[in-house]
Amino acid sequence: MEAHQLTSKQPVDRSARGPDWQALVRRTVDLVLAASIVIVLSPLLLALTLAIRLDSRGPALFRQRRVGYGQHEFTLYKFRSMRVDADPKGHREYVTALINGKAANGGRKDLYKLAVDDRITPVGRWIRKWSLDELPQLFNVIAGDMALVGPRPAIAYEVAEYPSWYLKRFSVKPGLTGLWQVSGRNERTYEEMVRLDIDYAERRSLPLDLSILARTPLTVLARRGAA
C-alpha cells in the first residue's frame with residue numbers, strides 16, 4: 001500500500017515553521033537517544049527476536065500501517081505478539097464501538113485493548129506486559145516517522161470514526177511514549193486519551209518532552225495501565 005493522506009486538510013506543526021531551534025534540538029535528541037538505546041539494547045533486541053521466532057510461526061517483526069503527522073500513513077514496527085493468522089476483525093469492531101461509546105469489555109469501557117484476546121502468543125503476552133513489543137518503534141524514530149514523545153500512532157480504521165476535533169492530535173508526530181502513556185494509559189477512556197494527546201500537541205515543549213521521557217521508565221516498571 002502506498003502512503004497516502006487521509007484528508008486534504010493538514011494540521012500545521014508549529015514547531016516545524018521557520019528556523020525553530022527547539023525543533024532542531026528535539027530532532028537531534030530523538031536521533032541520538034533512539035540510536036543510543038538501540039545500541040545499548042541490541043542484545044535484548046536479538047534475544048526477543050529469537051524468543052518470538054521459537055515461540056510461534058512467523059517473523060519476529062510486525063508491520064502495520066499507522067496514521068501520523070499531517071494524517072499521512074507510515075509503516076510502524078513492533079515485535080510480533082500475536083499469531084500470524086490472527087484476525088483483526090474483533091479488535092476493529094471493539095475499537096469502533098469504543099470510540100463511539102458503545103464498547104463493553106467486562107465492565108471496563110476504558111480499556112483500549114481487549115481484556116481477553118486469544119490471538120496473543122505466550123511470549124507476546126509477556127513482552128506486552130513490559131511494553132517490550134514497542135521497542136522496534138525506535139527505528140521509526142530514527143527514520144523520522146515518529147518522535148520519542150508524541151501522541152499514540154492511530155490505525156486508519158480508528159481515524160475513520162473520528163469526530164473532527166480528534167484530528168488535532170495529528171498536528172505533531174506520533175511518539176514512542178507520550179502524555180497518555182504516563183497518565184494512566186489503558187486506565188483512561190478513549191476520549192481522555194485523545195484529549196491528552198491534543199493537550200500535549202498544544203503545550204509541546206522541550207521541558208514537557210524531557211518530563212515525559214523521565215516518567216516513562218517508572219511507568220513501565222510499575223506496569224501502570226499496561227495491557
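Annotations for the structure displayed:
- Residue match in the range 84-97 (condition: closer than 27 Å to Gly144 by Cα, modelled with pLDDT of 80 or more and outside any helix (DSSP H, G or I)): no
- Residues of the range 47-70 that are in a loop (DSSP other than H, G, I, E, B) and open to solvent by 50 Å² or more (accessible area, probe 1.4 Å): Arg57, Pro59.
Here's the yes/no breakdown for (1) at pLDDT 90 or above; (2) open to solvent by 70 Å² or more (accessible area, probe 1.4 Å); (3) in contact with a strand residue (DSSP E or B) (Cβ under 6 Å, 6 or more places away or on another chain):
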position	(1), (2), (3)
Ala104	no, yes, no
Val116	no, yes, no
Arg119	no, no, yes
Arg125	yes, yes, no
Ser131	yes, no, no
Glu134	yes, no, no
Phe139	yes, yes, yes
Gly144	yes, no, no
Pro151	yes, no, no
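- Yes/no for Lys173 being open to solvent by 30 Å² or more (accessible area, probe 1.4 Å) and either assigned to a loop (DSSP other than H, G, I, E, B) or at pLDDT below 95 (or both): yes
- Per-region count, the range 192-227, residues buried (at least 17 other Cβ atoms within 10 Å of the Cβ), modelled with pLDDT of 90 or more, more than 17 Å from Trp165 (Cα to Cα) and not hydroxyl-bearing (Ser, Thr, Tyr): 4
- Criterion: within 18 Å of Lys78 (Cα to Cα) and in contact (Cβ under 8 Å) with a residue 12 or more places away in the chain - qualifying residue of Ala201, Ala147: Ala147
- Any hit, the range 16-30, residues being more than 29 Å from Ser205 (Cβ to Cβ), open to solvent by 70 Å² or more (accessible area, probe 1.4 Å) and modelled with pLDDT under 95: no
- Neighbours by Cβ (under 8 Å, 6+ apart or cross-chain): first from the range 53-67, among the basic types (Lys, Arg); second modelled with pLDDT under 95 and loosely packed, with under 13 Cβ neighbours inside 10 Å: Arg57/Val84; Arg65/Met1
- Scoring Ala35 on the criteria (1) open to solvent by 50 Å² or more (accessible area, probe 1.4 Å); (2) part of a helix (DSSP H, G or I); (3) not polar (S, T, N, Q) leaves a single failure, condition (1).
- Residues in the range 24-71 that are over 29 Å from Ala214 (Cβ atoms) and within 15 Å of the chain's Cα centre (by Cα): Arg63, Arg65, Gln71.
The values are calculated or read from the model by the stated rules, or taken from the named source; none is laboratory data. Just so it is clear, the structure is predicted and the values come from calculations on it, not from any experiment. With ideal geometry, Cβ positions are generated from the backbone for all residues, glycine too; neighbour counts draw on all protein chains shown. Ligands, DNA and RNA are excluded from the accessible area calculation, which covers all protein heavy atoms including side chains. Shrake-Rupley method; radii C 1.70, N 1.55, O 1.52, S 1.80 Å.
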